[in-house]
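Chemist: Let me give you the structure first, and then I'll get to my questions.
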Amino acid sequence: MKKMFFAALLGAVVTAQAGTVYHVAPQGDDSNGGTRAAPFATLQRAVAAARGGSGADIIVHPGVYRWDAPLALSPADSGLRIRAADSENKPLISGGRPIEGWQKTEEGLWRAQLPEGLEDGIDQLFVNGRRADRAREPDEFYFHLSGVREDVIEPGDETGAKRATQTLALRPDEFAILKDMPEEDLRRTAIVAYHKWDITRRKIKARVDGEQAVLVGDSGMKPWNRLLPGLRYRLENYRAALDQPGEWFLDRDGILLYHPRPGEDIDSAELVAPVIDRFISIAGDPDSGKQAADIVISGLSFRHARAPADIDQFGPIQAAADIAAVITVAHATGILIEDCEIAHIGGYGVWFRRGSRDCALRHSYLHDLGAGGVRIGEMDPPARDSDAVAAIVVDNNIIRDGGNIYAPAVGVWIGHSPDNRVSHNEIADFYYTGISVGWRWGYAESVAKRNIIEFNRVRHIGQRVLSDMGGIYTLGPSQGTVVRNNIFHDVYAYGYGGWGLYTDEGSTGILFENNLVYDVKTGGFHQHYGKENIVRNNILAFSELYQLQATRVEEHQSFTLENNIVYWDGGTLLHGPWDRVRHHSRSNCYWRMGGAEPEFLGRSLGEWQEAGHEQGSQIADPRFADPAGRDFSLPPDSPALALGFVPFDAGRAGVYGSEEWRRKADEKTARPPAMPPARPDGIPYAP
């Protein structure tokens, strides 16, 4: 009996040796040996078999693998290579569960009971590979708060009260939506408020009938983004809002309702709800000093993940920087994620966090994201050397269609981390910033230095939903950081601030060179405040309001502006106290289409030069090949060249590789209109 037991145990456990190969296939069985002829059924079983060896290959064959728990990799898995058997047919790792048993209602809706295991509800629904909207009003544009009062229960500090509630007064027609709603339904209804660069998501606690108001909140409002009268908001997650194709609503009895889009068939449609919030965590042990090392994940598709927290308990935080990712790497080195897809998720895609070094994300497709694409580093400086995050490469990826739950999320975020390279990425369709570098407000020491941001194409940012954003946004001392050979275009804020190159609070020692910026709202370049930045040899074209902006007057040298071409057809050239901001400006080429003479704070170029600015600069048509068609190539006899401008090939920005990959980067996402109409009371919008 004992011999039979140990024989069975040995048959079930395969010891990994160098060069060992394991196979995983949907038709496999975890009691198999993991060979090609007898594959395992799950990746988890293959990893367990390989664990403790000196490296193994796990070959994942095409098909669908449904997970109900994430995969954790540790130092014992170092050297592991997990890759697809067929690079053209990615295996699908799904963290979701198909919803079946649909029936049509008399209203034309689809109705199904949530299956076992989803008793706690769902936060997203995907139909035939497309995100459905949780029922909301208004379906386009916004409502507006008419009044706000905060009642502090427990005081806090300068970041807000520890405990407080907010009473939000609504306009009569908006309050009427909630007036007769049963209390239990009311408490499931969420309010989503849009601040400057942030949002607040809260469930409604109660009605305040005498004030035509609702009560929300547990903690105090953040002083930098308070709820204010006139603020835009939406209501989500109530039955009466289920009135548009593509919306869903989960009733409190577990009945899921979906309003089908035209052409969707109840018998063939696939409706999937996520059940897990992450797929893979790779983590070393900082206490023992053991790192997870040299792990490769290649050719897999990861789809369907919940948000990492209750989506209706989100307070304002820039860049949604506290939202986790579905793949995390910590205390690890030599981790490579390549040729993967991450889609239909509630949080960020990948986070290289505490203790990660010399890792990379390459040639991967991240799209339909609840938050953003990639996070590098932490919001707090490393407490010890082993916690430092550095030398991460994010190269040749397509990262787009983000902020679908957490609107302030960004394409690529670098916190307290140096020596990273973000290159040749397509970053598109976000409601806030494209690339954010640094996490220090002011001039205190920062480790976010020597980051290289090059050859990226960043487009359709802001989309007039949030404000105060940039194609690239920098914070704090960043000496040695270089932003070069990128394209930034279509950056449009809701209110103030839709800049191409944006150096915010304390940005220091950054070089911006050979970048093409066009079709933005508030300026090709803006420095709020910073020190000794250089803006050189860029093309800054077609900004809607201002071409160049500077804000804070400081005692030190703020920036140098040299050898740039500034080209526009409307709006003013300079905005802000340029006559008092300490800066150098020289050898720039300025041209306003139509030949109108540009003004420098109301002065001619000659008068401006007499005041000590724009030495060697000229007003001259650079003779772009086709500015209306956004072709900014220059002829050999362009006047800009005589001023020292050095032509660069903007066509090198963006992804590289196969024609199919480059075509994919050019695809557009179908998003609803975001430009709001005039306020119903006729009061102008606050910037």
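What follows is calculated from the coordinates using simple rules that are stated; it is not laboratory data. Bear in mind that the values here come from a model prediction, so they are computed numbers and not experimental data. Note that we place each Cβ from the backbone using ideal geometry, even for glycine, and neighbour counts take in every protein chain shown.
Chemist: Name the residues whose placed amide hydrogens come within less than 5 Å of the amide hydrogen of M221, ignoring near sequence neighbours (fewer than 5 apart) on the same chain.
Modeler: It is A161, by chain and number.
Chemist: Fewest first, what order do V208, V394 take by the number of other Cβ atoms within 10 Å?
Modeler: Neighbour counts put them in this order, fewest first: V208, V394.
Chemist: Still on this structure, I have one more. If you take the beta carbon distance between A444 and D151 as r and set R0 to 60 Å, what does 1/(1 + (r/R0)^6) give as a FRET efficiency, to the nearest 0.05?
Modeler: Computed FRET efficiency for A444 and D151 comes out at 0.95.
Chemist: Another question, then. I need two numbers for segment 298-352: Rg to one decimal and Dmax as a whole number, Cα atoms only, in Å.
Modeler: Rg then Dmax for segment 298-352, in Å: 12.8, 37.
Chemist: Please report the antiparallel percentage of the DSSP beta bridges confined to the chain, to the nearest 5.
Modeler: Beta bridges within the chain, antiparallel portion: roughly 25 percent.
Chemist: Lysines within cross-link reach of K668: Cα-Cα under 29 Å, excluding same-chain residues under 8 positions apart?
Modeler: Within reach: K90, K196, K521.
Chemist: Once you charge only the Cβ atoms, +1 for Lys and Arg and -1 for Asp and Glu, what is the size of the charge dipole of segment 143-241 about its Cα centre, to the nearest 20 debye?
Modeler: Here segment 143-241 has a charge dipole of around 300 debye.
Chemist: Separate question: So for segment 214-334, taking the charge dipole from beta-carbon charges (+1 Lys/Arg, -1 Asp/Glu), which of A273, L256, G334 sits furthest toward the positive end?
Modeler: G334
Chemist: While we're here: Would you work out the charge dipole size for the chain about its Cα centre, treating the Cβ of every Lys and Arg as +1 and the Cβ of every Asp and Glu as -1, and quote it to the nearest 20 debye?
Modeler: In total the dipole reaches around 1140 debye.
Chemist: Got a sec? Charge dipole of the chain, +1 on Cβ for Lys and Arg, -1 for Asp and Glu; which of S288, L574, I323 is way out at the positive end?
Modeler: Selected residue: S288.
Chemist: Taking the 0 to 90 degree range and rounding to the nearest ten, how far is the long axis of helix 2-12 tilted relative to the main principal axis of the chain, both from C-alpha atoms?
Modeler: Here the helix axis deviates by roughly 30 degrees.
Chemist: Please go through segment 540-587 and write out the GluC sites (Glu not before Pro) that DSSP classes as loop and that have at most 11 other C-beta atoms within 10 Å.
Modeler: For GluC sites (Glu not before Pro) across segment 540-587 that sit outside H, G, I, E and B with at most 11 neighbouring Cβ atoms in 10 Å, the list reads E555.
Chemist: Let me ask you something else. Based on the inverse mean of 1/r over its pairs of different Cα atoms, what is the Kirkwood hydrodynamic radius of segment 541-644, in Å?
Modeler: Result for segment 541-644, one decimal place: 14.3 Å.
Chemist: Expressed as cubic angstrom per residue, what is the convex hull volume of the alpha carbon set of segment 86-166?
Modeler: Spread over its residues, the Cα hull of segment 86-166 gives 291 Å³ apiece.
Chemist: Could you work out the relative contact order of the chain? I mean the mean sequence separation of Cα pairs under 8 Å and 6+ apart, divided by the number of residues, in percent.
Modeler: Relative contact order, the chain: 8 percent.
Chemist: Going highest first, how would you order 50-59, 576-585, 361-370, 531-540 by mean Cβ packing within 10 Å?
Modeler: Highest to lowest by the protection proxy: 361-370, 531-540, 50-59, 576-585.
Chemist: Can you classify segment 329-413 as rounded, prolate or oblate using the Cα gyration tensor, where a ≥ b ≥ c are the square roots of its eigenvalues, rounded means a/c under 1.5, and otherwise it's prolate if a/b beats b/c and oblate if not?
Modeler: In terms of gyration-tensor shape, oblate.
Chemist: Write down the radius of gyration of segment 384-539 and its Dmax, each obtained from C-alpha positions, in Å.
Modeler: Values for segment 384-539 (Cα only, Rg and Dmax): 14.1, 43 Å.
Chemist: Right, here's the next one. Taking every DSSP beta bridge that has both residues in segment 143-241, what percent is antiparallel when rounded to the nearest 5?
Modeler: Just about 100 percent of them are antiparallel.
Chemist: Measuring from label point to label point, each 7 Å out along Cα→Cβ, what is the E667 to T105 span in nm?
Modeler: It works out to 3.2 nm between the two label points.
Chemist: For an R0 of 51 angstrom, estimate the FRET efficiency from the Cβ-Cβ distance between D253 and T551 and round to the nearest 0.05.
Modeler: 0.40
Chemist: Separation of segment 154-203 and segment 626-650 by C-alpha centroid, Å?
Modeler: Segment 154-203 and segment 626-650 have Cα centres spaced 52 Å from each other.
Chemist: Hey, how many Å between the Cα centroid of segment 278-292 and the Cα centroid of segment 442-457?
Modeler: 26 Å
Chemist: Sum up the charges of everything whose Cβ sits under 14 Å from the Cβ of D243, counting Lys and Arg as +1 and Asp and Glu as -1, but leave D243 out.
Modeler: Residues close to D243 contribute a combined charge of -2.
Chemist: In addition: Rounded to the nearest 500, what is the chain's calculated 222 nm mean residue ellipticity when only DSSP H runs of at least 4 contribute -39500 (n - 2.57) each, over all residues?
Modeler: -2000 deg cm²/dmol, from helical runs alone.
Chemist: Going 7 Å from the Cα of E659 toward and past its Cβ, which residues in segment 392-416 have a backbone nitrogen under 12 Å from where you end up?
Modeler: none
Chemist: What percent of all Cα-Cα pairs in the chain falls into each 10 Å bin, going from 0 up to the bin containing the maximum distance?
Modeler: 3, 14, 23, 24, 19, 11, 4, 1, 0, 0, 0
Chemist: Going through segment 382-475, which chymotrypsin sites (Phe, Trp or Tyr not before Pro) have at most 14 other Cβ atoms within 10 Å and a DSSP loop state?
Modeler: When the chymotrypsin sites (Phe, Trp or Tyr not before Pro) of segment 382-475 are filtered for loop state and at most 14 Cβ neighbours within 10 Å, W441 remain.
Chemist: While we're on this one: Translational D (Stokes-Einstein, µm²/s) of segment 143-241 at 37 °C and 0.692 mPa s when Rh comes from the Kirkwood sum over C-alpha pairs?
Modeler: 241 µm²/s
Chemist: Relative contact order for segment 143-241: what is it in percent, counting Cα pairs under 8 Å that are at least 6 residues apart?
Modeler: Relative contact order of segment 143-241: 36 percent.
Chemist: I need the calculated FRET efficiency for the pair A642 and A72, taking r as the beta carbon distance and R₀ as 45 Å, to the nearest 0.05.
Modeler: E(calc), rounded to 0.05, equals 0.15.
Chemist: Next question. Cut-off under 22 Å on the C-alpha distance; same-chain residues fewer than 8 positions from K531 excluded. Which lysines are left, in chain and number order?
Modeler: Once the sequence-local lysines are set aside, what remains near K531 is K449.
Chemist: Give the span of segment 35-149's Cα atoms along each principal axis, as three whole-Å numbers ordered largest to smallest.
Modeler: 64, 42, 31
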